[in-house]
Each structure stands twice: as C-alpha cells, then as structure tokens.
Amino acid sequence: MGKSSTEEARLTAEILNNPKFQKMARQKSLLGWSFSAVMFSVYTAFIWIIGTRPDLLGRKVSEGGITTWGIYAGIAVIVFSFLITLVYVWLANGYFEKTTREVVREVQGDASCTNVQEHA
C-alpha cells in the first residue's frame, strides 16, 4: 500500500529542511546563476561588438573569401552555450542527483531509493 499524502508531505518537509539538501540546493542555484551570468556576458559581448565595431567581425577570414570572422564568432557563441549547458546537466544529473538520493535515503531510512523527484 502507498504512503498517505500526510506521510508524503512529512517526508518532503524533512528532505527540504535537511541541511545537506539545503546546501546542495544553494550550490545548484549558485552554479545555475553563475552559468547564466557567464552566458549572458558572452552573448552581450558578441552583440556589443556587432553594434559598436562591426568592422572587427566583418573582416574576411581569407583574402578573396566570403566568410567573415563574425560567422566563426557566432558559431563559437552557439558552441559555448551548448558546452556550458552540457556541463550544467552533467553536474545536475551527477553530483546533485547523488546528493538528493543520499538525503532521501537518510530521511526514509531506506537504501533502495530509486525514483526521486527533486523539489528544489
């Protein structure tokens, strides 16, 4: 038989109030906001250069060619955003998920926790 809604609410409250879970949630939030700030800065710098010094990114890569440095810079911004997202997902699904599972096991007193939904 499944757990009652009051039991689920009690377990959820215990998990959310657990110091290890709170520390992990703060770290995850800080990481997310930090990565967002970095990505915002990279994108803003790219747009700033386009708006203030279009000649820099408008230069041709090779004499007689048609590709400009702006194309490569734009691709670099896209690749960088992909990589920074990949790192975040790797950390969130690795270290942070492991910590969440540990806290749930501690609260439940059950070493067989397999399906955890994160609440932070």
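The values are calculated or read from the model by the stated rules, or taken from the named source; none is laboratory data. All values reported here derive from a predicted model rather than from experimental measurement. Every residue, glycine as well, gets a Cβ built from its backbone with ideal geometry; the counts of neighbours run over all protein chains shown. These accessible areas exclude ligands, DNA and RNA; they are computed on the full protein's heavy atoms, side chains included. Shrake-Rupley method; radii C 1.70, N 1.55, O 1.52, S 1.80 Å.
Contact annotation: residue pairs with Cβ atoms under 9 Å, 6 or more positions apart or on different chains, pairing a residue in the range 60-85 that is farther than 14 Å from I47 by Cα with a partner that is assigned to a helix (DSSP H, G or I) and among the hydroxyl-bearing types (S, T, Y), are V61/Y72; S81/Y43. Could you please let me know if E7 is in contact (Cβ under 8 Å) with a residue 12 or more places away in the chain and charged (D, E, K, R)? No; evaluated as a whole, the condition is false for this residue. Among residues of the range 25-40 that are over 15 Å from W90 (Cβ atoms), those with a beta-carbon under 7 Å from a residue that is modelled with pLDDT of 95 or more and of a type outside the set (D, E) at least six positions away or on a different chain give the pairs V38/I84; M39/S81; M39/I84. Only residues that are out of contact with any Phe, Trp or Tyr (no Cβ under 8 Å at 6 or more places or on another chain) and either open to solvent by less than 60 Å² (accessible area, probe 1.4 Å) or not hydrophobic (A, V, I, L, M, F, W, C) (or both) were counted in the range 86-97, giving 7.
One residue stands out in the range 84-120 among those that are of a type in the set (A, V, I, L, M) and part of a loop (DSSP other than H, G, I, E, B): the one that is modelled with the lowest pLDDT, namely A111. State yes or no: is G109 free of Cβ contacts under 8 Å to residues at least 40 places away in the same chain and either surrounded by 14 or more Cβ atoms within 10 Å (Cβ to Cβ) or in contact with an Asp or Glu (Cβ under 8 Å, 6 or more places away or on another chain) (or both)? Answer is no for this residue.
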